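Colleague: Have a look at this one before I ask anything.
Read the figures in this text as sums done on the coordinates, not as results from a lab. Just so we're clear, the structure is a prediction, and the values are computed from it rather than from any experiment. Cβ atoms come from the backbone with ideal geometry, glycine included; neighbour counts cover every protein chain shown.
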Amino acid sequence: MENLLMSNKAELTGELVGEFLYSHESFGESFYCFTVKVPRLSDCVDYINVTSPADLLAECDYKIGDLLHICGQFRSYNNYSGVGSKLVLTLFAKSIYLAPPDADYVNQVELDGYICKPPVYRTTPFGREITDILLAVNRTHNKSDYIPCIAWGKNARTTKDFVVGSHVNVLGRMQSRQYQKRIDENNVVTKTAYEISVNKIDIIE
């Protein structure tokens, strides 16, 4: 089990920007979801969804605007509600504590997984190279998390030729990104994608 926990490690220090909302119950334990805001080095901001067991939230009276430090795993699950994305991505909290007001923002994740779809290489209208990767990361109880990753520039050129089944180690950050989706000829909606922005990716032999 320890090796599986090491294959998915996420750490976040950011500002609580929403209320704690009841999510679900599993094996008699209640879980809540909330959103944390983390600025990038650029002017952009990432809004990361967090899921937490109720007992972690009961340890402190957190309020909107607090700076929280959260450690856990970046997970995925299927959304069968018919509303929103089919694949939901969230930081599953293993620990939460109140960070000092002057603490630095943190957003980092390390994944050990397997390429499970052929990578998709493309270039933007501005000439930026991008490769989209879907990574399968093993979890306990014979489950897996399916995590979209996006590589840029040199990393995009390196990963575009990776084959399905390649065992890789990924270092990056959790990212939220808005995009436009056309519903029909007359309607376009704005949606939010969640993914890992790759800083470093290596093949594991």
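Colleague: The stretch 146-198 to the stretch 38-70: how many Å between their Cα centroids?
Modeller: Value for the Cα centre distance between the two parts: 23 Å.
Colleague: Taking the Cβ-Cβ separation of SER95 and ILE203 as r and a Förster radius of 45 Å, what is the calculated FRET efficiency to the nearest 0.05?
Modeller: Efficiency, from the Cβ-Cβ distance: 0.90.
Colleague: Decide, for the stretch 2-107, between rounded, prolate and oblate: order the square roots of the alpha carbon gyration tensor eigenvalues as a ≥ b ≥ c, take rounded if a/c falls under 1.5, and otherwise choose prolate if a/b is larger than b/c, else oblate.
Modeller: Verdict is rounded for the stretch 2-107.
Colleague: Could you tell me the ratio Rg/Rh of the stretch 117-205? Both radii from Cα atoms, Rh via Kirkwood.
Modeller: Across the stretch 117-205, the Cα-based Rg/Rh ratio is 1.03.
Colleague: Bin width 5 Å, origin at 0, all Cα-Cα pairs of the stretch 69-162: what percent of pairs per bin?
Modeller: So the P(r) values, bin by bin, are 3, 11, 16, 18, 16, 16, 12, 6, 2.
Colleague: On to the next question. Dipole magnitude of the stretch 109-203 about its Cα centre, charges +1 at Lys/Arg Cβ and -1 at Asp/Glu Cβ only, in debye to the nearest 20?
Modeller: That gives the stretch 109-203 a dipole magnitude of about 160 debye.
Colleague: Additional query: Within the chain, what is the longest stretch that has no chymotrypsin sites (Phe, Trp or Tyr not before Pro) placed in a DSSP loop and near at most 13 other beta-carbon atoms within 10 Å?
Modeller: 127-205
Colleague: With N denoting the number of residues in the chain, provide Rg(C-alpha) divided by 2.2 N^0.38 Å, to two decimal places.
Modeller: The value comes to 1.05.
Colleague: A further question follows. If the elastic network links every pair of Cα atoms under 10 Å, which of ILE133, ILE115, ILE183 fluctuates the most in the Gaussian network model of the chain?
Modeller: ILE183
Colleague: Summing +1 for each Lys or Arg and -1 for each Asp or Glu, what net charge is found among the other residues whose Cβ lies under 12 Å from the Cβ of THR158?
Modeller: +1
Colleague: Also: Work out the length of the dipole vector of the stretch 2-107 about its Cα centre, built from +1 on the beta-carbon of each Lys and Arg and -1 on the beta-carbon of each Asp and Glu, and round it to the nearest 20 debye.
Modeller: 440
Colleague: About its Cα centre, what dipole magnitude does the chain give when the only charges are +1 on Lys and Arg Cβ and -1 on Asp and Glu Cβ, stated in debye to the nearest 20?
Modeller: Dipole about the Cα centre, nearest 20: 880 debye.
Colleague: To continue, here is another question. Would you mind checking the pairs LYS9/LYS154; LYS9/LYS94; LYS86/LYS191; LYS117/LYS200; LYS160/LYS191 and listing those with alpha carbons more than 21 angstrom apart?
Modeller: LYS9/LYS154; LYS160/LYS191
Colleague: Could you compute the FRET efficiency for GLU11 and ASN186, with r as their C-beta to C-beta distance and R0 at 35 Å, rounded to 0.05?
Modeller: Rounded to the nearest 0.05, the efficiency is 0.20.
Colleague: Sticking with the crude label model, points 7 Å out along Cα→Cβ, report the distance from CYS116 to SER144 in nm, one decimal please.
Modeller: The two pseudo-label positions are separated by 0.5 nm.
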